[in-house]
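Reading through the structure tokens given below for one structure.
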Amino acid sequence: LQKILILLQVTLSVIVGKTLMILFPEAMKRYILKMGEKSRMNQNPKFSYENWGPTFFSFKYLLFVLKVKWKRLEDEAYEGHPAPNTPVVTPGGEVRHLLDFMADNRPLILNFGSCT
């Protein structure tokens with residue numbers, strides 16, 4: 001049921017966005033550029049709006065957003081339920097799943113940090 005609701009929400013969003021891009025191209029360009037500022041997409045001078053702006057509200061965009069939102073459904077953790085088997089990337093760049101690192105009955109300890 002959650003996936004169907006997400007499908008309807010994202011599809012409606014794409015239809016409205018695509019319609020607005022056709023009717024008001026300059027206003028939507030400003031809106032998309034403003035969104036690009038938040039995500040820092042437009043800070044790279046070699047990566048212009050013409051490269052990524054028109055991809056918003058396309059069929060590929062729809063599929064990508066659905067994939068991400070559906071994947072996030074699987075990553076939710078609930079008290080008393082098994083941990084989600086979230087994909088992680090090893091230092092070598094290999095994609096594995098969190099529970100792949102479990103060994104026997106030993107607890108799995110996650111340590112988070114950052115380098116700035």
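The values are calculated or read from the model by the stated rules, or taken from the named source; none is laboratory data. A quick note: this is a predicted structure, and the numbers were derived from the prediction, not measured. Backbone-built Cβ (ideal geometry, glycine too); neighbour counts: all protein chains shown. What goes into the accessible areas is simple: the full protein's heavy atoms, side chains included, and nothing from ligands, DNA or RNA. Shrake-Rupley method; radii C 1.70, N 1.55, O 1.52, S 1.80 Å.
For this structure, a couple of remarks:
- Selection count where residues are without any contact (Cβ under 8 Å) to a residue 12 or more places away in the chain, open to solvent by less than 90 Å² (accessible area, probe 1.4 Å) and over 22 Å from VAL68 (Cβ atoms), scope region 21-43: 2
- A single entry from LYS60, LYS18, LYS71 fulfils the requirement of being surrounded by 13 or more Cβ atoms within 10 Å (Cβ to Cβ) and among the charged types (D, E, K, R): LYS18.
- Region 57-80 residues that are within 27 Å of LEU20 (Cβ to Cβ), paired with ones that are at pLDDT below 90 and open to solvent by 60 Å² or more (accessible area, probe 1.4 Å) (beta carbon under 6 Å, 6 or more apart): TYR61/THR55; TRP70/LYS3
- Residue match in region 96-116 (condition: open to solvent by less than 80 Å² (accessible area, probe 1.4 Å) and among the hydroxyl-bearing types (Ser, Thr, Tyr)): no
- For LEU33, the conditions (1) of a type in the set (A, V, I, L, M); (2) farther than 20 Å from THR19 by Cβ; (3) over 15 Å from the mean Cα position of the chain (by Cα) all hold with the exception of (2).
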